[in-house]
1. Can you spot a residue in region 106-115 that is closer than 13 Å to V5 by Cβ and crowded, with 20+ Cβ neighbours inside 10 Å?
2. Of the residues S24, S72, which single one is in contact with a Leu (Cβ under 6 Å, 6 or more places away or on another chain) and more than 17 Å from V115 (Cβ to Cβ)?
3. Working only within region 71-103, note down all residues that are surrounded by fewer than 20 Cβ atoms within 10 Å (Cβ to Cβ), among the hydrophobic types (A, V, I, L, M, F, W, C) and more than 17 Å from C22 (Cβ to Cβ).
4. Every residue in region 1-42 that is over 15 Å from F69 (Cα atoms), touching a strand residue (DSSP E or B) at 6+ places or on another chain (Cβ under 8 Å) and small (G, A, S), please.
5. May I ask you to list pairs of residues, at least six apart or on different chains, whose Cβ atoms are under 6 Å apart, with the first in region 83-94 being more than 14 Å from F47 (Cα to Cα) and the second being aromatic (F, W, Y) and at pLDDT 95 or above?
6. Does region 42-70 hold any residues that are open to solvent by less than 40 Å² (accessible area, probe 1.4 Å) and closer than 21 Å to Q13 by Cα, and which are they?
7. For region 1-41, what are the residues that are in contact with a helix residue (DSSP H, G or I) (Cβ under 7 Å, 6 or more places away or on another chain) and open to solvent by 50 Å² or more (accessible area, probe 1.4 Å)?
Amino acid sequence: QVQLVESGGGLVQPGESLRLSCKSSATIFSSNTMGWYRQAPGRQREFVGRISGSDHDQTTFADDVKGRFTISMDSTKRTGFLQMNSLKPEDTAVYYCVVSRFGTDYWGQGTQVTVSS
């Protein structure tokens, strides 16, 4: 069983930045991927971005965060990061990380991000 713990959420003003962390209890191998999703009140969970590749150097993002969000991975620390810049009120949601590891998806508990003036 893999456990993921997210941290770094909080309340920020529009235009500010936050960095979310997702720490895994197990090794994240080069064949594993880490994704980020979010869920706003009254809405379905939606894809934010994903990191993959043999060196964890390939990223994919949803159109509405492209250019503002980046994802990185420190495999030695079993931790992934979602850097969110130029935050907007519509980015307000609970953010979840998910690790796809050998055919199984493992989800974190989520961390709240609120963007408000």
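1. Yes: one or more hits.
2. S24
3. Within region 71-103, just F102 meets the criteria.
4. Residues satisfying the conditions are S7, G10, S24, S25, A26, A40.
5. Note: pairs meeting the criteria are M84/F69.
6. V48, V65, R68, F69
7. Our first condition is that a residue be in contact with a helix residue (DSSP H, G or I) (Cβ under 7 Å, 6 or more places away or on another chain); within region 1-41, this holds for 14, 28.
Passing the criteria: only P14.
The values are calculated or read from the model by the stated rules, or taken from the named source; none is laboratory data. Please read these numbers as outputs of a predicted model, since none were measured by experiment. With ideal geometry, Cβ positions are generated from the backbone for all residues, glycine too; neighbour counts draw on all protein chains shown. Accessible surface areas use protein heavy atoms only, side chains included; no ligands, DNA or RNA. Shrake-Rupley method; radii C 1.70, N 1.55, O 1.52, S 1.80 Å.
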